[in-house]
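J.: Below you'll find the structure I mean.
The values are calculated or read from the model by the stated rules, or taken from the named source; none is laboratory data. These numbers were taken from a predicted model, which means no experiment stands behind them. Neighbour counts run over all protein chains shown; Cβ positions are idealised from the backbone, glycine included.
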Amino acid sequence: MKVLVVGAGAREHALALALSRDPSVTSLAVAPGNPGTAQVAENLPVDPMDPAAVASLATGFDLVVVGPEAPLVAGVADAVRDKGIPVFGPSRRAAQIEGSKSFAKDVMAAAGVPTAAADTCSTAAEAIAALRKRPAPYVVKADGLAAGKGVLVTEDVTAAEGFARDVLSAAGATVVVEDFLDGPEVSLFAITDGTTVLPMLPAQDHKRVGDDDTGPNTGGMGAYTPLPWLHTGDVDEITTRVLQPVVDEMRRRGTPFVGLLYGGLAMTSAGPSVVEFNCRFGDPETQSVLALLDSPLGEVLLKAATGELKGTTLAWKPGASVTVVVAAENYPGTPAAGDRIELGQLPAGVEVLHAGTRDADGGLVSAGGRVLSVTSVGESLQEAREKAYAGVAQVTLRGGFSRTDIGARAVRGEITIPARRSDQ
Ligand code: GLY
């Protein structure tokens with residue numbers, strides 16, 4: 001099978017690596033890719049935001065896997081599907097589950113899926129009223145795509161109002177103000193063909209830039225899987241109460257969701273509740289989830305793309321995986337670029353996945369905020385943490401930095417789910 005992956009980040013590098021391990025994948029390309037994907041696939045130049053260009057490039061491939069959300073929201077999967085080529089990724093209309101927070105709330109309401117109560121506001125006055133009727137902490141979300149940075153969670157109502165005003169200053173913008181959900185967060189990815197829902201291993205992202213969850217939100221500074229603090233049955237409950245009803249509702253609306261449905265959930269005292277949906281694999285969780293996948297990824301994604309997922313199961317390697325992001329100086333502000341990257345000898349069981357890198361003068365230099373993902377597999381979460389940080393120690397990048405506490409609270413047993421209220 002000839003597979004084309006669309007995208008250029010560490011998630012796409014992880015997808016390419018996992019696909020390259022599938023014996024049914026005989027030819028693999030990434031468009032446009034990065035210096036890391038070039039080590040496992042052929043990089044092909046394309047503007048991933050141009051549906052016609054991607055569809056033209058896809059001719060001759062047996063499967064196209066679209067990584068990032070922006071091309072999906074722009075209709076890249078539709079253009080490929082219209083040419084009769086199987087594509088793993090939702091249509092433009094189905095991608096609205098991520099592209100519009102208010103659309104996602106509407107789908108959840110129709111599907112009876114638990115989520116935070118919310119107000120959609122198109123003026124600053126509406127946003128201020130929605131904030132003032134709630135207790136802290138305040139949650140304000142830009143309604144459209146914002147590369148993981150369109151959310152503010154703060155105790156400071158003035159900061160919340162300022163953020164809402166900033167977002168609303170763009171023509172036609174809306175914000176969603178919602179109740180804060182208390183409880184540890186889970187990222188649960190499900191592969192779906194629009195009917196069957198196949199959950200993957202649950203993971204946890206670390207969204208704030210600094211240790212102990214301090215500083216601004218980022219695209220994600222690190223992740224680990226599986227989650228030792230999650231209860232047996234939680235993944236089944238999330239699948240049954242959240243993911244399957246949403247997939248069913250999308251099909252009922254005539255916009256079946258085919259691809260990767262990413263449920264971002266808080267495990268509250270009332271049970272799992274949705275913080276957000278994304279319409280694609282999460283970054284950096286995917287780097288760890290795929291590191292533990294023991295099934296042929298290409299075969300599974302092709303089954304999803306062709307409506308044949310029913311009866312498919314996933315096998316997982318034992319142990320745990322930790323991903324630590326190496327970010328450029330000043331990320332998530334205006335990250336430094338063009339700094340030389342040197343990689344030393346990596347420990348066994350560690351992969352360095354490229355995101356913001358480019359080749360220059362025979363070497364590698366930084367070219368983005370999140371530069372590398374260092375992903376490990378270990379027998380335990382503790383061992384995976386140690387290996388990942390041993391890998392990070394082999395990265396030299398002027399001004400580069402990482403969080404030092406990825407997975408640490410889970411290793412120390414400090415994460416607990418609030419006791420379930422008896423009325424749930
Ligand atoms: N890990 C956060 C995201 O992919 O949006």
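J.: Quick check on the stretch 77-93. Is at least one of its residues in contact (Cβ under 8 Å) with a residue 60 or more places away in the chain and surrounded by fewer than 20 Cβ atoms within 10 Å (Cβ to Cβ)? Break it down stepwise before answering.
T.: Pass one, the stretch 77-93, residues in contact (Cβ under 8 Å) with a residue 60 or more places away in the chain: 77, 86-91, 93.
Still in the list and also surrounded by fewer than 20 Cβ atoms within 10 Å (Cβ to Cβ): 93.
Within the stretch 77-93, one or more residues are in contact (Cβ under 8 Å) with a residue 60 or more places away in the chain and surrounded by fewer than 20 Cβ atoms within 10 Å (Cβ to Cβ).
J.: Here are some residues: SER100, SER20, SER27. Which one is out of contact with any helix residue (DSSP H, G or I) (no Cβ under 6 Å at 6 or more places or on another chain) and within 16 Å of the ligand (Cβ to nearest atom)?
T.: Being out of contact with any helix residue (DSSP H, G or I) (no Cβ under 6 Å at 6 or more places or on another chain) and within 16 Å of the ligand (Cβ to nearest atom) holds for just one of SER100, SER20, SER27, which is SER100.
Okay, residues lined up against (1) closer than 25 Å to ALA360 by Cα; (2) modelled with pLDDT of 95 or more; (3) under 21 Å from the mean Cα position of the chain (by Cα):
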site: LYS2; (1), (2), (3): no, yes, no
site: HIS13; (1), (2), (3): yes, yes, yes
site: LEU19; (1), (2), (3): no, yes, yes
site: GLU42; (1), (2), (3): yes, yes, no
site: PRO48; (1), (2), (3): yes, yes, yes
site: ALA53; (1), (2), (3): no, yes, no
site: SER56; (1), (2), (3): no, yes, no
site: GLY60; (1), (2), (3): no, yes, no
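J.: Considering every residue within the stretch 133-153, establish whether at least one is in contact (Cβ under 8 Å) with a residue 12 or more places away in the chain and part of a helix (DSSP H, G or I).
T.: No, there is no match, as no residue in the stretch 133-153 is in contact (Cβ under 8 Å) with a residue 12 or more places away in the chain and part of a helix (DSSP H, G or I).
J.: Moving on. Just to check your reading of the model, which residue among GLY356, GLY368, GLY282 is within 16 Å of the ligand (Cβ to nearest atom) and under 14 Å from PHE189 (Cα atoms)?
T.: That would be GLY282, the only listed residue that is within 16 Å of the ligand (Cβ to nearest atom) and under 14 Å from PHE189 (Cα atoms).
J.: So, in the stretch 350-394, exactly how many residues are in a strand (DSSP E or B) and under 24 Å from the mean Cα position of the chain (by Cα)?
T.: Summing the residues that are in a strand (DSSP E or B) and under 24 Å from the mean Cα position of the chain (by Cα) in the stretch 350-394 gives 17.
J.: Would you pick out the residues in the stretch 160-210 that are crowded, with 20+ Cβ neighbours inside 10 Å and assigned to a helix (DSSP H, G or I)?
T.: Selection gives ALA160, PHE163, ALA164, VAL167, LEU168.
J.: Only residues that are surrounded by fewer than 22 Cβ atoms within 10 Å (Cβ to Cβ) and farther than 21 Å from VAL209 by Cβ: list them for the stretch 365-379, please.
T.: Answer for the stretch 365-379, where residues must be surrounded by fewer than 22 Cβ atoms within 10 Å (Cβ to Cβ) and farther than 21 Å from VAL209 by Cβ: VAL365, VAL377, GLY378, GLU379.
J.: Looking only at residues that are in a loop (DSSP other than H, G, I, E, B) and more than 25 Å from GLU383 (Cβ to Cβ) in the stretch 211-224, which one is farthest from the ligand (Cβ to nearest atom)?
T.: THR218
J.: Exactly one condition in (1) modelled with pLDDT of 95 or more; (2) within 16 Å of the ligand (Cβ to nearest atom); (3) touching a Ser or Thr at 6+ places or on another chain (Cβ under 7 Å) is false for LEU227; which is it?
T.: It is condition (3) that LEU227 fails.
J.: Among ALA14, ALA38, ALA29, which is in contact (Cβ under 8 Å) with a residue 24 or more places away in the chain, out of contact with any Cys (no Cβ under 7 Å at 6 or more places or on another chain) and not in a strand (DSSP E or B)?
T.: On inspection, the qualifying residue turns out to be ALA14.
J.: Please give the helices (runs of 4 or more DSSP H) falling wholly within the stretch 236-338 in which 2 or more residues are surrounded by fewer than 18 Cβ atoms within 10 Å (Cβ to Cβ).
T.: 244-252
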